[in-house]
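**Student:** First the structure, then my questions, so here it is.
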Amino acid sequence: MLTARFWGVRGSIPCPGPDTVVYGGNTSCLEIRADERLLIIDLGSGVRPLGNFLIENDLKKYGKINADILLTHTHWDHIMGFPVFAPIYTPGTELRITAPVINENDDIKSIIENQLSYQYWPVRAEELPASIKYSQIKETTLDLGGGLVITSKLLNHANSCMGYRICYKGNSIVTIYDHEPFHSLYTVSPEDAGYNKEEARKAGITAAEENEKIRQFIKGADIVIHDAQYSQVEYLSHIGWGHCSYEHTVEAATGIDVKKLVLFHHDPSHTDKFLKQVGKKYSKNKKPKIIIAKEGLVLNSD
C-alpha cells in the first residue's frame, strides 16, 4: 500500500497567519510511504516539520534516515526548505535527490547547495554530515526495486517541471504540480491579414493532444494530487504562470477512473474560508472523490 502525508500544500510563498490555520501555510512537501520505503516530493517549507518528524520517528525506528527525494522543479517555493531540513545535519542520513534536467548549464546539485553559501546560510554544503546524491532525469521510468516504480512526465510550466506517477504493488499516486492546461500557440487573430486557418487548426490539435497525454498519465490512479491554485476567474488573469484552476483540474480528472483527486498548491490569498467553500462545492462528488489538500492529511491508496 502507498500512503501520502501532506506537510506543505501552498504555492508561491509560505503564508502563516490566522486565515491559514486550518489548511496550513507551508509550501510544497509531500511524504509518501511504500510500506517502509520513504519518498519525499519537493523541499518546500513544509519539509521542516517533516524533518523533525523523521528525527523523532524514522531515526529511532531504523537507526538512520534513508529517503528518495523527487523534486518537481526548482522554483523557490519548492526547494526553500532544504537548509532547515534537520536530517541533512544528522550523521548517517542517506538522501537521493532526483530532479528534472533544467538545461545544459544548470546542475541540480549546485542549485540546491547554493542555498548553503555564506551569503544566505551559516553552514556550507560541504560541511553537512549527511550523504546526499544527486541525479537529473528527462521523461523516463525509474525502477527503485522492491516493486517501487516511478514514471516521470514533463508538465506545462515556466521551467522544466515533472509530474510523477508512483506505482507500488498495484497501487498508484500521481503528482501534477506546477502545471496549467496546454493552449494553442497560434495567436494570430482570424481578423488579421496573416491568419492561416490550417496552422490554427494544427496548433489546436497539438494542444489537445498534450492535454490528453496528461489525462492518460493520471488515468486509473488511486490518488491524484493536482495543481489547483486558482479559480477559473483568477486563472484568466494568470494564463502562462504555470498553474491550473480547480475547475479545470476536476474536469481533467473526471471520467478516467481516478479514485481520489486532491486539489493542491493553494494560492497564498486563499483563506481557510475560501478553501472550505471549494470543498463544499465538490463535497457530493463521488468519482473521483475530491479532497482539499491540508497539512497533516493522510491518505491511503486502498
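Values in this text are rule-based calculations from the coordinates and carry no lab data. Keep in mind that what you see is a predicted model, and the values were worked out from it rather than measured. Cβ atoms come from the backbone with ideal geometry, glycine included; neighbour counts cover every protein chain shown.
**Student:** If Lys and Arg each add +1 and Asp and Glu each add -1, what is the summed charge of the other residues whose beta carbon sits under 13 Å from the beta carbon of ILE69?
**Tutor:** Around ILE69, the surrounding residues sum to 0.
**Student:** With label points built 7 Å along Cα→Cβ from the Cα atoms of ASN285 and LYS169, find their separation and express it in nm.
**Tutor:** With each label point 7 Å from Cα toward Cβ, the separation is 3.0 nm.
**Student:** Then there is this: Report for the chain the percent antiparallel among DSSP-assigned beta bridges with both residues inside it, nearest 5.
**Tutor:** For the chain, the DSSP antiparallel bridge percentage is about 50.
**Student:** To check you understand DSSP bridge types, tell me what percent of the beta bridges within the range 1-83 (both residues inside) are antiparallel, rounded to 5.
**Tutor:** If we restrict to bridges inside the range 1-83, about 75 percent are antiparallel.
**Student:** Right, another one. Given an 8 Å cut-off on Cα distances and at least 6 residues of separation, report the relative contact order of the chain as a percent.
**Tutor:** 19 percent
**Student:** Quick one: net charge around TRP7, please, counting Lys, Arg +1 and Asp, Glu -1 for every other residue with C-beta under 10 Å from its C-beta.
**Tutor:** Result for the local shell: -1.
**Student:** Please quote Rg/Rh for the range 24-86 to two decimal places, taking the Kirkwood radius as Rh and restricting both calculations to Cα atoms.
**Tutor:** That ratio is 0.97, to two decimals.
**Student:** For the chain, what is the calculated [θ] at 222 nm in deg cm²/dmol (nearest 500), taking -39500 (n - 2.57) for each run of four or more DSSP H residues and dividing by its residue count?
**Tutor:** The per-residue figure over the chain is -6000 deg cm²/dmol.
**Student:** Among [x] 56; [y] 66; [z] 72, find the value of percent of Cα pairs over 23 Å apart that was calculated from the structure presented, and write down its label.
**Tutor:** Recomputing percent of Cα pairs over 23 Å apart here picks out [x].
**Student:** How big is the dipole moment of the chain about its Cα centre under a simple scheme where the beta carbon of each Lys and Arg is +1, that of each Asp and Glu is -1, and everything else is neutral? Debye, nearest 20, please.
**Tutor:** In debye, rounded to 20, the chain gives about 1160.
**Student:** Now for a different question. Where Lys and Arg each count +1 and Asp and Glu each count -1, what net charge lies around ASP272 among other residues with Cβ under 10 Å from its Cβ?
**Tutor:** +2
**Student:** Which angle between 0 and 90 degrees, to the nearest 10, do you get for helix 197-218 versus the longest principal axis of the chain when only C-alpha atoms count?
**Tutor:** Roughly 40 degrees between the two axes.
**Student:** Still on this model: Measure nothing but the geometry: give the 0 to 90° angle between the long axis through the Cα atoms of 272-281 and the longest principal axis through the Cα atoms of the chain, rounded to 10°.
**Tutor:** 50 degrees
**Student:** Relative to the present Cα-Cα distance, how much length would full extension add between ALA193 and TYR89 at 0.36 nm per residue of separation?
**Tutor:** Taking ALA193 through TYR89 to full extension adds about 31.2 nm, to one decimal.
**Student:** Under a cut-off of 20 Å between alpha-carbon atoms, report the aspartates and glutamates in cross-link reach of LYS294, not counting same-chain residues fewer than 8 places apart.
**Tutor:** Answer for LYS294, where 20 Å is the Cα cut-off: ASP19, GLU31, ASP42, ASP77, ASP178, ASP222, ASP227, GLU247, ASP267, ASP272, ASP302, listed by chain and number.
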